[in-house]
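Working notes for the structure below.
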Amino acid sequence: MNRRDVLTLTTALAAAGIAPCAMAAPGSPKDLNALFDVFVNEEFDLSPEGVTSLGLDKGPRAYQKAQLGDRSPAAGLRAQHLNESQLARLEAFDASGLTGLDALNREIVLYGMRQQASAFHQFKYAGGSAGAPYVLNQMGGSAYHDIPDFLDSQHGIETKDDAEAYLSRLAAFPKALDQDGEEARLDRSLGDVAPDFILDATLTQITGLRDTPAVKATLVQSLVRRTKDKAIAGDWEARATKIYVDGVVPALARQAELVRDLRAGATHDAGVWRLPDGDAYYRASVEFWTTTSLSGDEIHKTGLDLVAQLSAAVDEKMKAQGLTQGTVGQRFRAMYDDPRYHYPNDDAGKARLLADLNLKVMAVQARLPQYFGVLPKAKVEIRRIPPYTEAGAPGGYYEEGSLDGSRPGAYYINLRDTAEVPSWTLPTLTYHESIPGHHLQGSIANEAPLPMIRKLSFFSAYIEGWALYAEQLADEMGMYKDDPMGRIGYLHDALFRAVRLVVDSGLHAKRWSREKAIAYYVAQIGDQDASATTEVERYCVWPGQACGYMLGKLAWLKQRGRAQAALGPHFDIRAFHDAGLTSGAVPLDVLPQLIDRYLAARTV
């Protein structure tokens with residue numbers, strides 16, 4: 001760590017009232033939580049966007065609202081050093097006096113830090129991270145992809161200072177783009193270049209941004225619209241346009257040229273097996289995303305078994321609706337192509353689709369008290385994925401609201417073509433992304449009396465596993481009672497997650513081509529080729545991520561079955577859900593410990 005890092009750390013420790021030399025021994029829950037607070041503040045110092053996303057860019061951190069984080073390779077090394085420092089301090093903490101949730105909190109935080117440190121030491125490319133090997137990709141993590149939507153949807157504008165901070169961030173955007181380019185060049189020198197088709201999709205998005213005139217650019221017009229709404233006087237459009245034209249557009253052009261250069265030397269091989277120590281990289285990626293040590297072969301077999309089971313269940317439901325011709329995949333394709341299930345592919349049709357989804361959220365919300373003792377206070381909004389990224393984006397995703405509740409959670413849906421989201425697919429997607437899925441789980445964790453560091457814990461298999469479990473729970477709640485096609489849609493999505501296990505492990509462990517993966521995907525669930533291609537290319541840039549959904553769901557169901565067997569008629573699904581959710585996200589190996597604590601309390 002350099003001198004600036006040491007000064008930052010010392011300041012953070014002093015602010016928390018903790019002397020650096022005292023970190024090794026206190027042992028009390030109060031001191032552990034104080035140490036956690038130090039860690040959080042250290043992370044916040046490096047992440048202005050994260051501070052804004054959480055709604056904390058005010059008071060002592062108001063200055064960060066005018067900043068973007070450093071994305072350079074040097075910043076990656078600082079993050080590595082900080083993780084190593086935090087890990088050493090937490091390992092040195094005397095945990096002998098900790099019990100219950102306090103002891104569990106320490107183990108969970110240690111798990112994440114050790115996982116990160118292991119990847120840092122094993123892989124020099126991708127910033128020393130597992131699970132996301134390409135800094136420039138069509139899915140996310142790149143400045144070009146994330147910052148425009150971040151400024152539009154998360155950077156709040158209530159005052160003139162907020163608007164000035166927006167302009168400061170807009171002016172910093174070109175530097176962020178160039179820093180991503182610096183990291184991409186470094187990765188290339190280490191043998192890490194994305195497949196040619198990934199770079200093609202990335203280039204399409206970048207050039208689409210570059211070629212958008214200021215009068216239509218979200219980066220400019222978001223500021224214009226919101227300052228007008230708040231009656232904030234100023235020549236905002238002219239100032240933002242100058243920054244955009246003079247700084248942002250040339251930086252996007254430089255990045256587009258870099259992607260073309262990378263594309264010239266790229267291969268068509270889809271899996272990370274072709275990267276330096278690629279098989280180990282996939283194992284580390286699976287561990288990162290799933291918090292399990294399953295091998296690619298084990299995941300592949302699990303997926304194939306589930307595909308067979310779920311296909312049989314779908315076949316039965318389809319036949320009950322008179323759908324008998326062709327394979328399950330062919331019948332799904334016929335359902336996709338049936339215009340009866342399509343919303344008009346125009347602004348009015350897309351607005352009606354969003355309105356219908358809001359009605360579904362209201363309906364399921366009314367039933368929550370029967371299944372949950374603890375309910376979220378935060379609201380959720382349903383939004384369209386921005387048109388400038390929808391070409392490479394997935395069908396839907398969730399974005400957490402701010403911790404203070406000032407910005408609601410948001411469920412984003414891809415409406416590039418309504419034929420890709422027929423009506424029978426939409427209920428399950430909505431329950432997954434909003435309630436009782438991601439929004440409910442994330443909001444309960446945010447509102448729980450947990451240390452901040454635990455509220456920010458990211459364990460994908462727990463989070464995505466819950467959301468997939470929530471799809472089944474919605475069925476159990478009766479949401480498909482009078483909607484047989486919607487129930488088929490629910491089974492389609494369960495089958496979809498089983499197919500993901502097969503395809504992800506096929507690409508990265510069994511060296512499948514992109515084309516073989518797409519063909520298998522389409523044959524099993526009948527999705528349109530465009531949707532299948534988007535999904536498969538997602539798995540190419542996030543190796544292992546697609547496996548967390550089904551593996552996580554199986555873990556939740558296993559624990560529920562264990563609790564039901566232990567408690568028999570005394571089992572209360574509300575108490576089970578509360579036990580699993582109010583402790584925040586955990587590695588899958590830790591989930592049984594949460595249920596152990598719940599069972600011990602219920603059987604005393």
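The values are calculated or read from the model by the stated rules, or taken from the named source; none is laboratory data. Fair warning: this is a prediction, and the values are worked out from it, not measured in the lab. Reconstructed Cβ throughout: ideal geometry from the backbone, glycine too, with neighbour counts over all protein chains shown.
Of the helices (runs of 4 or more DSSP H) entirely within the stretch 178-248, those holding at least 1 residues that are touching a Cys at 6+ places or on another chain (Cβ under 9 Å) and more than 22 Å from residue 72 (Cβ to Cβ) occupy 196-210. From the list 509, 474, 519, 448, the one residue that fits, being of a type in the set (A, V, I, L, M, F, W, C), more than 19 Å from the chain's Cα centre (by Cα) and modelled with pLDDT under 95, is 448.
So, of the residues in the stretch 549-604 that are among the small types (Gly, Ala, Ser) and over 24 Å from the mean Cα position of the chain (by Cα), which turns out to be surrounded by the fewest Cβ atoms within 10 Å (Cβ to Cβ)?
So the first thing to find is which residues in the stretch 549-604 are among the small types (Gly, Ala, Ser), and the list is 552, 555, 561, 563, 565-566, 568, 575, 579-580, 583-585, 600-601.
Checking which are over 24 Å from the mean Cα position of the chain (by Cα) leaves us with 561, 563, 565-566, 568, 575, 600-601.
On the way: 561: 10, 563: 21, 565: 9, 566: 15, 568: 7, 575: 18, 600: 9, 601: 10.
Result: 568.
Looking at the stretch 396-428, which of the residues that are of a type in the set (A, V, I, L, M) and outside any loop (DSSP other than H, G, I, E, B) is nearest to residue 382 (Cα to Cα)? By that ranking, first place goes to 410.
Filtering 331, 263, 274 for residues that are free of Cβ contacts under 8 Å to residues at least 60 places away in the same chain and within 26 Å of residue 538 (Cα to Cα) leaves a single hit, 274.
Taken together, 196, 192, 200 contain a single residue that is buried (at least 19 other Cβ atoms within 10 Å of the Cβ) and within 30 Å of residue 517 (Cα to Cα), which is 192.
Of all residues in the stretch 126-149, those satisfying the criterion of being assigned to a helix (DSSP H, G or I) and within 28 Å of residue 411 (Cα to Cα) are 143, 144, 145, 146, 147, 148, 149. Within the stretch 132-149, the set of residues being surrounded by fewer than 22 Cβ atoms within 10 Å (Cβ to Cβ) and more than 19 Å from residue 72 (Cα to Cα) comprises 149 only. For residue 268, the conditions (1) of a type outside the set (Asp, Glu); (2) surrounded by 13 or more Cβ atoms within 10 Å (Cβ to Cβ); (3) touching a residue at least 60 places away in the same chain (Cβ under 8 Å) are fulfilled apart from (2).
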